[in-house]
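For reference, the structure discussed in these notes is given below.
The values are calculated or read from the model by the stated rules, or taken from the named source; none is laboratory data. Here the structure is a predicted model, which is why all the values come from computation and not from measurement. Ideal geometry is used to build each Cβ from the backbone, glycine not excepted, and the neighbour counts take in all protein chains shown. Ligands, DNA and RNA are excluded from the accessible area calculation, which covers all protein heavy atoms including side chains. Shrake-Rupley method; radii C 1.70, N 1.55, O 1.52, S 1.80 Å.
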Amino acid sequence: MLIKSAIALTVVALWSSVASSPIQMVKRESSPITWDAYSIKIDGERIFWRAGEMAPWRLPSPALWKDVFEKMKSNGYNVAQMYFHWGYHSWNNQTVDFNGIRDIDELMRMANETGIYVSARPGPYINAETTSGGLAEWTRTLKGAARTDAADYTAAWKPYIEGVAKILAKWQYPNGPVIAVQIENEFGDTTTAARNYMALLEKAYTDNGIYVPNFHNAASDYASPWISGKGATDMIGYDFYPIGWGPCPADPTVWTQPYGTPFAEIVKYRQDVPLWIPELGAVSIKEKPVVIMNAVRLTFVCFLTAGYGENNCREAANNLYLRVYNRWMLAMTVFMQGDYMTYGGTNWGNLRFPDDYTSYDYGAPIDESRQIGSKIYEKKLLNYFLDVATEMAGTDLTTCSTSESGIKCDKLYNKETESAFHILRNTNISGFDNYDFKLKLADGTSVPVEDNIAIHGRDSKILPANLNFLNQHIIYSTSEILTWGTIDGVDYLVLHGLSGESAEIALSLKGSQKATVQVGSGSVKSTVSSNSVRLNFKYKGLQQVKISGTHPLVVLMADLDNAYKFWKVDTKNGPAFLFGSYLLRGTSGNSQDVLSLRADTAETETVEIFASSKFKSVEWNGEKLHVSSTSRGSRSGKVSGPKKAQVPKLQKWTFARESPETLTTFDDSQWKVADKKSTNNPLPQPAGQPVLYASDYGYHIGHIWYRGSFVANGDETSLNITAQGGDNSVYSTWLNGNYLGSSTSSAGGKPQLFNITSKQLNKGKNVVSVLVDGMGSDEEGGSASEYYKNYRGLREAHVLNNKGSETATISWKIQGNLGGEDIVDTDRGTFNVGGKYGERHGWHLPGFSLSTSKFQNNVKLPHNFGDAGIAWYFTDFELKFPAKSDNPVVLAFEMPKGQSYRAEFYINGWNYGKVIPNLGPQDEFPVPPGILNTNGENRLAIAVHGMLDKDNVFSDVQLKVLNSYTFSGEQWVQTKAPSFDKKVYGTSSGW
């Protein structure tokens, strides 16, 4: 779907993908999505908001979006939260594109098929550690301030927001999965212009059919302006990062406490809405590139910082982190939680903001290569429980006590059902203290009767009391509950705990029939009275007890290893439970007699299935599974693991030098003349200088070249240049083809002096060439700051003599990506390439011919490519991965010491990573299927910007398969994108 419009005109859309079936129109005041002070409700039914965040624009392989949705859904998430990126959809003021990798309609279809709700977060500003915070890059030249009611800014965002709203409107519940829409993001301005802006956004959504509730997400726990007054939203959310927003620690076992006392409470500023944390730090964070990353959102993130990499982030915010902090949020009655990120993805191309790097993994539960493990399995344990124990979402916080002062005890109490949920954890959040203790219930009873409750180190438990479920009643439990369900009229209760820990559960009996207890497996002690049963056991493997009576009950007790491999799925004959496999995606087929499971495996293993006896047979990914009955009343069978995928060694490379822009003979006649006299930028150009800011000439991302000419009298000794490409960027300078050096470019754009020798200077005409290697645009922060308009490229340049006096005036030309805002590759979009010579001539694309005398074949890495400038390396390779398999692949780069280069690599034309050895930390770069051709030919091109005077050496790079899995999801296809076309890119000449 492509929307084209003049910026101030009504948008005209080609709504070719709109569903032909009638859409149920709902008035906003009659929305099926409601809420009270506790939680959100759908059709009047209270639910826990168990959201996982993913950004589809950080996974430009649309066929894999459903894979992420299915992994979320299978692990108990019920909402997919998603930022949409205005700049990703709009590369000029005439275009808003919803095709291909930007197809929101297809995204909604996949979510709907998966059965997961959607909370849409379209901005226009999203922050999200992306360039310009998601604002369209072309708006950086507007006169009016972004995030205000300025007329030109309003006209800019309307086509995008109205386009998104029209797509979302047709997918709103009950017609589809959309249940909430966020207005703006992390916006704290209280000005009249800001309030008018928020009101205009809300009206745009309503006018285009949005009736589900809207909300705003504040940057932290403060009294958001949008609680009340003009621009106020239906609901309010907050960011909350329990262990702070800062560098990943050198010791990832240390959890800092940025909010003062441990477990500082979140303030509820508005009493008629639920306490909502859309961005709960579930990961670690990275910050400023100097060598590696940072730590934390109940997020999953990490920035370029001094020190430590993704592994430290992942370890700092590991499965125990989720176990403790997610339960702490519940103890604060936060019944609407969104983990940021659940799948982080990749800052491919030029999506990152200056303080980030290519990976946006942040230690997410679904990692950048889409693998899952203990982190999401831990989250699943809680998600499954919250899915059945919905009455907990209507509870109030009260106090409780234990026999141990070192344990923090909070009780959530439901006044209607009188059920209670005790949340226990170590008072010393950063410590590893071990406590064994008893819990005091409301009637004064101390439990357990036998042994103790254990909280050892970083652990937390939710222990219920007086809880009804199905046809049963729990008096109390010192074990956590995983889930429950009824199979063939028999109630099942699944408990989980750490291996070796003792547990006790007391159940009251309903009905007149006397109960009997039968142990199917394990070592379980039962104590039966006339109206109750008490079970005592230690967790080891999978144990089972059947309690017969008026309403029979089977209790399954799974230790952590078995609980992590537990899956629950709804079938035509009721719920089914599976122990085993890497992932259970769901069922397929319509048979009442055959249980057909879709599942992925990481190894050959035996799985155990609890399902209705109405299923006469079991299928595993469409093939009959040979099963046998067990003593637990289940069925077990052996499933096959994956075949291992192989990748070739990359050893034959084609090499070429470029950077002809540095030569005096280079033809720049088609370049834009940089001679504008005025700018809308908040920082005007210096007096006597032309406007040199790249955005004023339509170039916003990646590498930008400048060529300036001046006439020298022979007294010149230096060039004084001020340039800016964002934090951690660099720029390189040449005079008449002679390399003068490179300079780092901070956000402040400090002047840099480059000395000139008499041999480098021509008396008469001279050509100075500057290559700005940008790192993206700045974000806005929490206000209409205009930071994102901080210029990129040159600000000023002066030719000086040895007395510091200016001796000549430089006339400038500028060149960025081919076409500027009128990009030539609309499939890959605006962020894929910048203005390197090779990019402008299509060297990065498959189909580009390497058969020319200026390309050197059979080069081996490491390779010395000589003087400063840009060098390219190319290789072709074929992959033949096994059918129905998923084999996450990374490009692994050697990170040499003593080298100063920046490399960008392209897989089949897609710019999928930026490698900076002296900053780091990333040396392995995942590339997803659909970008990588897993069964066919691939072209890898690498452009290296060397900055040493001589002996620039590019080190080795190889393919690496991380793991192999069988794959039962929808098979991916190659993402549509063009190959090299001579009509578009011309011939490479003059170099």
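Could you look through the stretch 865-900, keep only residues that are at pLDDT below 95 and over 30 Å from Ile372 (Cβ atoms), and pick out the one that is most open to solvent (accessible area, probe 1.4 Å)? Write out each step before concluding.
Of the residues in the stretch 865-900, the ones at pLDDT below 95 are 895-900.
If we keep only those that are over 30 Å from Ile372 (Cβ atoms) as well, we get 896-900.
On the way: Pro896: 31, Lys897: 196, Gly898: 70, Gln899: 30, Ser900: 32 Å².
Per the criteria, the residue is Lys897.
Can you tell me which residue is modelled with the lowest pLDDT among those in the stretch 479-513 that are exposed (fewer than 15 other Cβ atoms within 10 Å of the Cβ), in contact with a strand residue (DSSP E or B) (Cβ under 8 Å, 6 or more places away or on another chain) and of a type in the set (Gly, Ala, Ser)?
Ser508
Give the residues of the stretch 661-682 that are open to solvent by less than 80 Å² (accessible area, probe 1.4 Å) and either at pLDDT below 95 or part of a strand (DSSP E or B) (or both), sorted by residue number.
Once the filter is applied, which keeps residues that are open to solvent by less than 80 Å² (accessible area, probe 1.4 Å) and either at pLDDT below 95 or part of a strand (DSSP E or B) (or both), the stretch 661-682 yields only Val673.
Taking the conditions exactly as written (assigned to a helix (DSSP H, G or I), surrounded by fewer than 20 Cβ atoms within 10 Å (Cβ to Cβ) and not β-branched (Val, Ile, Thr)), does Glu113 satisfy them or not?
Values: assigned to a helix (DSSP H, G or I): yes; surrounded by fewer than 20 Cβ atoms within 10 Å (Cβ to Cβ): yes; not β-branched (Val, Ile, Thr): yes.
In short, yes.
From the set of residues in the stretch 582-630 that are under 24 Å from Tyr564 (Cβ atoms) and among the basic types (Lys, Arg), which is surrounded by the fewest Cβ atoms within 10 Å (Cβ to Cβ)?
For the stretch 582-630, the residue satisfying everything is Arg598.
Name the residues in the stretch 540-573 that are more than 26 Å from Thr516 (Cβ to Cβ) and assigned to a loop (DSSP other than H, G, I, E, B), would you?
Within the stretch 540-573, Lys565, Lys572, Asn573 qualify.
Residues are listed down the side, and each one gets a yes or a no for (1) under 26 Å from Ser446 (Cβ atoms); (2) surrounded by 20 or more Cβ atoms within 10 Å (Cβ to Cβ); (3) modelled with pLDDT under 95:
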{"residue": "Met341", "(1), (2), (3)": "no, yes, yes"}
{"residue": "Asn350", "(1), (2), (3)": "no, yes, no"}
{"residue": "Asp356", "(1), (2), (3)": "no, yes, yes"}
{"residue": "Ile366", "(1), (2), (3)": "no, yes, no"}
{"residue": "Ile372", "(1), (2), (3)": "no, yes, no"}
{"residue": "Lys380", "(1), (2), (3)": "no, yes, no"}
{"residue": "Phe385", "(1), (2), (3)": "yes, yes, no"}
{"residue": "Thr398", "(1), (2), (3)": "yes, no, no"}
{"residue": "Lys415", "(1), (2), (3)": "yes, no, no"}
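Could you please give the count of residues in the stretch 74-117 that are over 22 Å from Asn347 (Cα atoms), out of contact with any strand residue (DSSP E or B) (no Cβ under 8 Å at 6 or more places or on another chain) and not polar (S, T, N, Q)?
Residues in the stretch 74-117 being over 22 Å from Asn347 (Cα atoms), out of contact with any strand residue (DSSP E or B) (no Cβ under 8 Å at 6 or more places or on another chain) and not polar (S, T, N, Q): 5 in total.
Gly44 passes all but one of (1) under 14 Å from the mean Cα position of the chain (by Cα); (2) open to solvent by 10 Å² or more (accessible area, probe 1.4 Å); (3) of a type in the set (Gly, Ala, Ser); which number fails?
Result: Gly44 fails condition (1) only.
Taking into account only those residues within the stretch 749-788 that are within 29 Å of the chain's Cα centre (by Cα) and outside any loop (DSSP other than H, G, I, E, B), which is farthest from Ala903 (Cα to Cα)? So that I can check it myself, show each step before the final result.
Filtering the stretch 749-788 down to residues within 29 Å of the chain's Cα centre (by Cα) leaves 772-788.
Now restrict to residues that are outside any loop (DSSP other than H, G, I, E, B): 772-773, 787-788.
Working: Val772: 14, Asp773: 11, Tyr787: 27, Tyr788: 25 Å.
Out of the qualifying residues, it is Tyr787.
For the structure I just gave you, tell me whether Phe905 is within 24 Å of Gly834 (Cβ to Cβ) and part of a strand (DSSP E or B). Quick ask: steps written out before the conclusion?
Values: within 24 Å of Gly834 (Cβ to Cβ): yes; part of a strand (DSSP E or B): yes.
Answer is yes for this residue.
Residue by residue through the stretch 165-200, note down the ones that are surrounded by 23 or more Cβ atoms within 10 Å (Cβ to Cβ) and more than 25 Å from Asp43 (Cβ to Cβ).
Those that are surrounded by 23 or more Cβ atoms within 10 Å (Cβ to Cβ) and more than 25 Å from Asp43 (Cβ to Cβ): Glu184, Asn185, Glu186, Phe187, Ala194, Tyr197, Met198.
Do you know which of the residues in the stretch 125-144 that are in a loop (DSSP other than H, G, I, E, B) and in contact with a strand residue (DSSP E or B) (Cβ under 9 Å, 6 or more places away or on another chain) is surrounded by the fewest Cβ atoms within 10 Å (Cβ to Cβ)?
Filtering the stretch 125-144 down to residues in a loop (DSSP other than H, G, I, E, B) leaves 125-129, 135-136, 142-144.
Checking the rest, the ones that are also in contact with a strand residue (DSSP E or B) (Cβ under 9 Å, 6 or more places away or on another chain) come to 126-129, 136.
Details: Ile126: 25, Asn127: 22, Ala128: 26, Glu129: 25, Ala136: 28.
Ranking the qualifying residues of the stretch 125-144, first place goes to Asn127.
What number of residues within the stretch 553-600 are more than 24 Å from Ile481 (Cα to Cα) and of a type in the set (Lys, Arg)?
Residues that pass the stated criteria total 2.
Report every pair of residues separated by at least 6 positions or lying on different chains whose Cβ atoms are under 6 Å apart, first residue within the stretch 813-830 and under 19 Å from Leu771 (Cβ atoms), second in a strand (DSSP E or B) and modelled with pLDDT of 95 or more.
These pairs meet every condition: Lys813/Val673; Lys813/Arg707; Ile814/Lys672; Ile814/Tyr706; Gln815/Trp705; Gly816/Ile704.
When the residues of the stretch 417-451 are narrowed to those that are among the aliphatic types (A, V, I, L, M) and touching a Cys at 6+ places or on another chain (Cβ under 9 Å), which ends up surrounded by the fewest Cβ atoms within 10 Å (Cβ to Cβ)? First the steps, then the outcome.
Here is the first cut: in the stretch 417-451, the ones among the aliphatic types (A, V, I, L, M) are 420, 423-424, 429, 439, 441-442, 447, 449.
Of the ones still in play, those that are also touching a Cys at 6+ places or on another chain (Cβ under 9 Å) are 420, 423-424, 439, 441-442.
Values: Ala420: 21, Ile423: 21, Leu424: 26, Leu439: 25, Leu441: 19, Ala442: 15.
In this case the residue turns out to be Ala442.
In the stretch 699-715, which residues are crowded, with 24+ Cβ neighbours inside 10 Å, outside any strand (DSSP E or B) and either in contact with a Lys or Arg (Cβ under 6 Å, 6 or more places away or on another chain) or aromatic (Phe, Trp, Tyr) (or both)?
Answer for the stretch 699-715, where residues must be crowded, with 24+ Cβ neighbours inside 10 Å, outside any strand (DSSP E or B) and either in contact with a Lys or Arg (Cβ under 6 Å, 6 or more places away or on another chain) or aromatic (Phe, Trp, Tyr) (or both): just Tyr699.
Could you tell me whether any residue of the stretch 909-916 is within 30 Å of Glu603 (Cβ to Cβ) and among the hydroxyl-bearing types (Ser, Thr, Tyr)?
yes
Going by what's in this entry, would Thr299 be described as modelled with pLDDT of 55 or more, open to solvent by less than 10 Å² (accessible area, probe 1.4 Å) and polar (S, T, N, Q)? Steps first, please.
Details: modelled with pLDDT of 55 or more: no; open to solvent by less than 10 Å² (accessible area, probe 1.4 Å): yes; polar (S, T, N, Q): yes.
So Thr299 fails the test.
Taking into account only those residues within the stretch 778-813 that are modelled with pLDDT of 95 or more, within 22 Å of Tyr357 (Cβ to Cβ) and out of contact with any Gly (no Cβ under 7 Å at 6 or more places or on another chain), which is least open to solvent (accessible area, probe 1.4 Å)?
Ranking the candidates gives Gly793 first.
Restricting to the stretch 406-431, give me the number of residues that are in contact with a Pro (Cβ under 6 Å, 6 or more places away or on another chain) and part of a loop (DSSP other than H, G, I, E, B). Write out each step before concluding.
First pass over the stretch 406-431, keeping only residues in contact with a Pro (Cβ under 6 Å, 6 or more places away or on another chain): 421, 429.
Those still in the list that are part of a loop (DSSP other than H, G, I, E, B) too: 429.
Residues that pass the stated criteria total 1.
Residue check, Thr516 against (1) touching a helix residue (DSSP H, G or I) at 6+ places or on another chain (Cβ under 6 Å); (2) open to solvent by 30 Å² or more (accessible area, probe 1.4 Å), all met but one. Which one?
(1)
Among the numbered criteria (1) under 30 Å from Thr875 (Cα atoms); (2) in contact with a strand residue (DSSP E or B) (Cβ under 7 Å, 6 or more places away or on another chain), which one does Glu608 miss?
Condition not satisfied by Glu608: (1).
Within the bounds of the stretch 739-748, is there any residue that is outside any strand (DSSP E or B) and either crowded, with 24+ Cβ neighbours inside 10 Å or touching a Leu at 6+ places or on another chain (Cβ under 8 Å) (or both)?
No.
Do any residues in the stretch 39-66 that are in contact (Cβ under 8 Å) with a residue 24 or more places away in the chain and within 12 Å of Ala393 (Cβ to Cβ) have Cβ atoms under 6 Å from those of residues that are assigned to a loop (DSSP other than H, G, I, E, B) and open to solvent by 10 Å² or more (accessible area, probe 1.4 Å), where the two are at least six apart or on different chains, and which pairs are they?
Arg50/Asn78
Restrict the check to the stretch 235-244 and report whether at least one residue is in contact with a helix residue (DSSP H, G or I) (Cβ under 9 Å, 6 or more places away or on another chain) and surrounded by fewer than 23 Cβ atoms within 10 Å (Cβ to Cβ). Before you say what the answer is, go through the steps one by one.
Applying the first criterion (in contact with a helix residue (DSSP H, G or I) (Cβ under 9 Å, 6 or more places away or on another chain)) to the stretch 235-244 yields 236, 240, 242-243.
Subset that is surrounded by fewer than 23 Cβ atoms within 10 Å (Cβ to Cβ): none.
The answer is no, given that none of the residues of the stretch 235-244 is in contact with a helix residue (DSSP H, G or I) (Cβ under 9 Å, 6 or more places away or on another chain) and surrounded by fewer than 23 Cβ atoms within 10 Å (Cβ to Cβ).
Looking at (1) open to solvent by 10 Å² or more (accessible area, probe 1.4 Å); (2) over 23 Å from Val68 (Cα atoms), which is the only condition Val915 fails?
(1)
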